[in-house]
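Read the structure below first, then the notes.
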């Protein structure tokens, strides 16, 4: 009987390991497909106001609809002026049962076409959008105490998308489609930005490509470490520099807009690399196995911290 139980336990563990590997393989495939589409010639660098940016926005909107997010506006898109162009944010709601919100953002635009050359922006920031879409799939439908607002931001270069989102919040124009009440800044517990999460060429420590940087969200650092089941190399500053940490968290990036409004912010990134804002920032330059590990950590972080934020 003991022998039979050991065999049954072995088979159970083997099955669980197989299913885990199968799920990981599926996630890696989806992350790659999303990055490849967003950095393809069809999206043509996703410059704000271009047809390519429109293709990217529609991909996000379709995925929001697929997983049942509620739209704040028809088609999930809100438009705004970005200089002489029209920018579009894509915003969806996963309702919670309380009156608080967490906002998860990633900018989907990039440099577009400059002097006839496409700037694909695979790491910056197709990788962050791919992570956002994966989180929508995993988190949507769960009954959390906080509502989750997922936002794909446009006009990153001028922070126009982030500024328009904040303006809608502060002016009472971002209306919860479930309750009919405005989303107010004092009900937002945190804005967490996902910006460049696919590269491995700027590791925190030599020989450790499996790394991730979390800036801000200081009270949840211990939680992130406890959830680090893949033993990733985690940094809580920008390569050991206090001044660069402050700059990348509070003075550049879309989260800056919300920080200046007094809303708590966080940033997950794998850092700037030699390919950032270069034509060589292509889908083939990313490490999808490490992206999958980063995604797993992000999923567990949000799944555990949303009730706490």
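Readers should treat all values here as calculations from the given coordinates under stated rules, not as data from a laboratory. The structure displayed is predicted, hence computed values, not measured ones. Cβ placement follows ideal geometry from the backbone for every residue including glycine, while neighbour counts extend to all protein chains displayed.
Label points 7 Å out from Cα along the Cβ direction at residue 42 and residue 79: separation in nm?
According to this spin-label approximation, the distance is 2.3 nm.
Have a look at the DSSP beta bridges in the chain and tell me what percent are antiparallel, nearest 5.
Taking every DSSP beta bridge with both residues in the chain, the antiparallel ones total about 55 percent.
In segment 185-229, which residues have a backbone nitrogen under 16 Å from the label point lying 7 Å from residue 274's Cα in the Cα-to-Cβ direction?
Those under the cut-off are 199-204, 206-207.
Only helical DSSP H runs with n ≥ 4 go in: add -39500 (n - 2.57) per run for the chain, normalise by residue count and round the 222 nm mean residue ellipticity to 500 deg cm²/dmol.
Taking each H run of at least 4 residues, the total per residue is -11500 deg cm²/dmol.
Could you tell me how many degrees, from 0 to 90 and to the nearest 10, lie between the Cα long axis of helix 51-66 and the main elongation axis, the longest principal axis, of the Cα atoms of the chain?
Once rounded, one gets 50 degrees.
For the chain, build the convex hull from the C-alpha positions and give me its volume per residue in Å³.
Looking at the chain, the number lands at 148 Å³ per residue.
Quote the relative contact order of segment 2-305 in percent (integer), defining contacts as alpha-carbon pairs under 8 Å separated by 6+ residues.
For segment 2-305, the relative contact order is 21 percent.
Could the peptides 154-166, 61-73 be put in order, highest first, of the mean number of other beta-carbon atoms found within 10 Å of their residues?
Per-residue Cβ counts within 10 Å, averaged per peptide and sorted highest first, yield 154-166, 61-73.
If one takes the longest principal axis of the Cα atoms in the chain, at what angle in degrees, from 0 to 90 and to the nearest 10, does the Cα axis of helix 2-38 lie?
20 degrees
Along the Cα-to-C-beta direction of residue 178, a point sits 7 Å from the Cα; which residues of segment 91-132 have their amide N less than 17 Å from that point?
91-104
Between residue 223 and residue 113, what's the calculated FRET efficiency when r is the beta-carbon distance and R0 is 35 Å? Round to 0.05.
0.25
Comparing 128, 75, 253, which has the greatest mean-square fluctuation in the GNM of the chain with Cα pairs linked when under 10 Å apart?
Of 128, 75, 253, the Gaussian network model singles out 75 as fluctuating most.
Between residue 170 and residue 26, what is the label-point separation in nm under the 7 Å Cα-to-beta-carbon projection?
4.3 nm
Rg/Rh for segment 176-309 to two decimals, with Rh computed the Kirkwood way over all alpha-carbon pairs.
On the Cα set of segment 176-309, Rg over Rh gives 0.99.
Give me the angle, in degrees from 0 to 90, between the Cα long axis of helix 288-305 and the longest principal axis of the Cα atoms of the chain, rounded to the nearest 10.
On a 0 to 90 degree scale, this one is about 90.
I need the peptides 132-139, 277-284, 120-127 ranked by packing, meaning the mean over residues of other C-beta atoms within 10 angstrom, with the highest value on top.
Sorting 132-139, 277-284, 120-127 by mean packing, highest first, produces 120-127, 132-139, 277-284.
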